[in-house]
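The values are calculated or read from the model by the stated rules, or taken from the named source; none is laboratory data. All values derive from a computational prediction rather than experimental measurement. Cβ: placed from backbone, ideal geometry, glycine included. Neighbour counts: every protein chain shown. Side chains included, ligands, DNA and RNA excluded: accessible areas come from the protein's heavy atoms. Shrake-Rupley method; radii C 1.70, N 1.55, O 1.52, S 1.80 Å.
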Amino acid sequence: NRRDRIRNFSIIAHIDHGKSTLADRILEKTSALTSREMQDQMLDAMDLERERGITIKLNAVQLLYKAEDGEEYIFHLIDTPGHVDFAYEVSRSLAACEGALLIVDAAQGIEAQTLANVYLALDNDLEILPVINKIDLPSAEPDRVRKEVEDVIGLPGEDCIPASAKAGIGIDEILEAVVKKVPAPSGDPEAPLKAMIFDSLYDPYRGVIVYIRIMEGTVKPGEKVKMMANGKQFEVQEIGVFTPKPVPKEELTVGDVGYMIASIKNVGDSQVGDTVTHAAKPTAEPMPGYRKLNPMVFCGLYPVDTNNYTDLREALEKLELNDSSLQFEAETSQALGFGFRCGFLGLLHMEIIQERIEREFGIDLITTAPSVIYEVTKTDGEVIEIDNPSEMPDAQQVDHVREPYVKAEVMVPNEYVGPVMELCQRKRGDYLDMKYLDENRVNIVYEIPLSEIVYDFFDALKSNTKGYASFDYELIGYKESNLVKMDILLNGEKVDALSIIVHRDSAYDRGKIIAEKLKNLIPRQQFEVPVQASIGQKIIARSTIKAMRKNVLAKCYGGDISRKRKLLEKQKEGKKRMKSVGNVEVPQEAFMSVLSMD
Ligand code: GTP
């Protein structure tokens, strides 16, 4: 039976523990293509991914493996993104598998994302095969890591496969373990169709390409299928598998992992986690676990040059085709003019989109400080959700405000416990738990407001621990906090794009820091500019940007012409990211500065 020879699995790992390198090794052993050809063709398809060294899009390849028992096995290796912003996608791609290779770096041991990924794999009932990678490193401590796997994850230490993806050690053992330990898929090929979507992407020629795993039933070209989340129907034009080239097939059946093309125009109609079934004979129940992805982080995106507004809209529309978790709507700011309020899954997602707009579409952007969604209960009982601080009602209309909290897990060597706890405390964290992973590594758990994570938590953590900490978080819900809106006034005028929501206890300090920061960031103008921070009508901090003393050019009047040109060029450079707010020129950094603490 063909199905007994199918193995569906992914590789899960903390960043940099060697997932891509191991995937390459597996490809080399199981297909005719070299990893270089393979890479050219697909894995990490987007330039941006490669440059940043992270995987954003999921992919699935079919590989053939001749095992020691003489049988040829069909492997589907499903790639998962490695960042907390994409936890839901990871969980859905794991739901398409029966097993996962868990890579742990032999020198680093278990890290925050190792654990987060293990939880996701366990949620999906996967067989977990632990691999201790990088045993070639002089600093490798496979025995310590083996014990960690046993103590922290609860998998038998003797099951760990020692390996080096780089030196090609242990690869055969890994492939044999996949054959022997990962269960073959089960399901009824005659049952009504149940195919889970674990990724999709937009192709300008073919429309949406949907990545599916068949859980029950069989699908063929020409059939009418239905998306269970929204009931929309499509006719299947083509189905197939990636080898990694797309290879059309006559059918996909139970256990198969492949693609479907069905004249779908909008990735929004092929949501990750949704179930595809036959329109005529639908399955009774969709796959469990589907949820619509809601953005958690919002910011305003404005073109530096107002003439680029339409271009920006087109860029966002194009990006949305391929990214159903990106949200945007038109927004007007008194300070910045016409732009868009955009929603993202997290900070990394936000940075990627901003970078693509600037790089691929050539539009210079002003971005406002990221915000979370606040739930505001007004004194008249009405509850509103705001994702833009400037929309916060006046204090006397606000009864109370709730904000999203995350459970954050930080893993660090002993000696950094102090600095990490200090940081979490400063970020308004509530201590939950602390556990020793071994003699010198600790897992610290805090509940922290998402808004405090959103800005510089990662950076602060890194610098407080010399880069030794690893970090993961998940949203746990909303809690009431004593929050107020702080406005910033330049030259007496409120700048809506600079408003932020802060905790009342830190409002004075924050106001002072921001006023000082803006004073240094905003270049001198022809006139004196007061910078003020206010809560309601009350000014809580103030600084002054002194007037420019001399015209820069006056200095070299009559002087060397090339020097004059250089000066002008320099000024132009500096101007690129300036936005006139009222009659004050404000640089991009100013809009982000309102969130930093120091
Ligand atoms: P992300 O894609 O960022 O999640 O990282 P990854 O887990 O895919 O790690 P990747 O395969 O890119 O490897 C990270 C670094 O570790 C690279 O510099 C690799 O060359 C190196 N590396 C991977 N496997 C080994 C190994 O077995 N031994 C040694 N010494 N280095 C390795």
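Pull up region 149-168, narrow it to residues that are closer than 21 Å to Gly99 by Cβ and of a type in the set (D, E, K, R), then point me to the one that is most open to solvent (accessible area, probe 1.4 Å).
Glu158
Could you tell me which numbered condition Val219 fails, if it satisfies all but one of (1) in contact (Cβ under 8 Å) with a residue 60 or more places away in the chain; (2) open to solvent by less than 10 Å² (accessible area, probe 1.4 Å); (3) not small (Gly, Ala, Ser)? Here Val219 clears every test but (1).
Confirm whether Ser186 is among the hydroxyl-bearing types (Ser, Thr, Tyr) and within 16 Å of the ligand (Cβ to nearest atom). Write out each step before concluding.
Values: among the hydroxyl-bearing types (Ser, Thr, Tyr): yes; within 16 Å of the ligand (Cβ to nearest atom): no.
In short, no.
What number of residues within region 112-144 are within 13 Å of the ligand (Cβ to nearest atom), within 26 Å of Lys407 (Cβ to Cβ) and without any contact (Cβ under 8 Å) to a residue 60 or more places away in the chain? Matching residues across region 112-144 total 0. Note on region 186-208: among residues that are open to solvent by less than 30 Å² (accessible area, probe 1.4 Å) and modelled with pLDDT under 85, the one that is nearest to Glu235 (Cα to Cα) is Gly207. Look through region 74-111, keep the residues that are more than 15 Å from the ligand (Cβ to nearest atom) and modelled with pLDDT under 90, and return whichever of them is surrounded by the most Cβ atoms within 10 Å (Cβ to Cβ). Checked region 74-111; the qualifying residue surrounded by the most Cβ atoms within 10 Å (Cβ to Cβ) is Arg92. Under the condition of being modelled with pLDDT under 80, under 18 Å from Phe298 (Cα atoms) and not charged (D, E, K, R), the residues counted in region 451-468 number 1. Selection within region 506-560: residues that are exposed (fewer than 12 other Cβ atoms within 10 Å of the Cβ) and closer than 29 Å to Leu483 by Cβ. The member of this set that is modelled with the highest pLDDT is Lys538.
Consider Ile171 carefully, then state whether it is open to solvent by less than 40 Å² (accessible area, probe 1.4 Å), within 15 Å of the ligand (Cβ to nearest atom) and either closer than 20 Å to Leu437 by Cα or touching a helix residue (DSSP H, G or I) at 6+ places or on another chain (Cβ under 6 Å) (or both). Talk me through it step by step, then tell me what you get.
Working: open to solvent by less than 40 Å² (accessible area, probe 1.4 Å): yes; within 15 Å of the ligand (Cβ to nearest atom): yes; either closer than 20 Å to Leu437 by Cα or touching a helix residue (DSSP H, G or I) at 6+ places or on another chain (Cβ under 6 Å) (or both): yes.
Against the criterion (open to solvent by less than 40 Å² (accessible area, probe 1.4 Å), within 15 Å of the ligand (Cβ to nearest atom) and either closer than 20 Å to Leu437 by Cα or touching a helix residue (DSSP H, G or I) at 6+ places or on another chain (Cβ under 6 Å) (or both)), Ile171 qualifies.
Among the residues examined, Tyr446 does not qualify as within 26 Å of the chain's Cα centre (by Cα), open to solvent by 30 Å² or more (accessible area, probe 1.4 Å), of a type in the set (Phe, Trp, Tyr) and modelled with pLDDT of 90 or more.
Scanning region 5-17 for residues that are surrounded by fewer than 24 Cβ atoms within 10 Å (Cβ to Cβ) and near the ligand (Cβ under 6 Å from one of its atoms) returns Ile15, Asp16.
Is it the case, given these coordinates, that Ala140 is touching a strand residue (DSSP E or B) at 6+ places or on another chain (Cβ under 6 Å) and surrounded by 17 or more Cβ atoms within 10 Å (Cβ to Cβ)? Considered against the rule, which asks whether it is touching a strand residue (DSSP E or B) at 6+ places or on another chain (Cβ under 6 Å) and surrounded by 17 or more Cβ atoms within 10 Å (Cβ to Cβ), Ala140 comes out as no.
Taking strands (runs of 3 or more DSSP E) that do not extend beyond region 316-425, which have at least 3 residues that are under 23 Å from Pro587 (Cα atoms) and open to solvent by less than 10 Å² (accessible area, probe 1.4 Å)? Even if it seems obvious, please write down each step before you answer.
Numbers: elements: 327-333, 337-344, 365-367, 374-378, 383-386, 398-413.
Output list reads 337-344.
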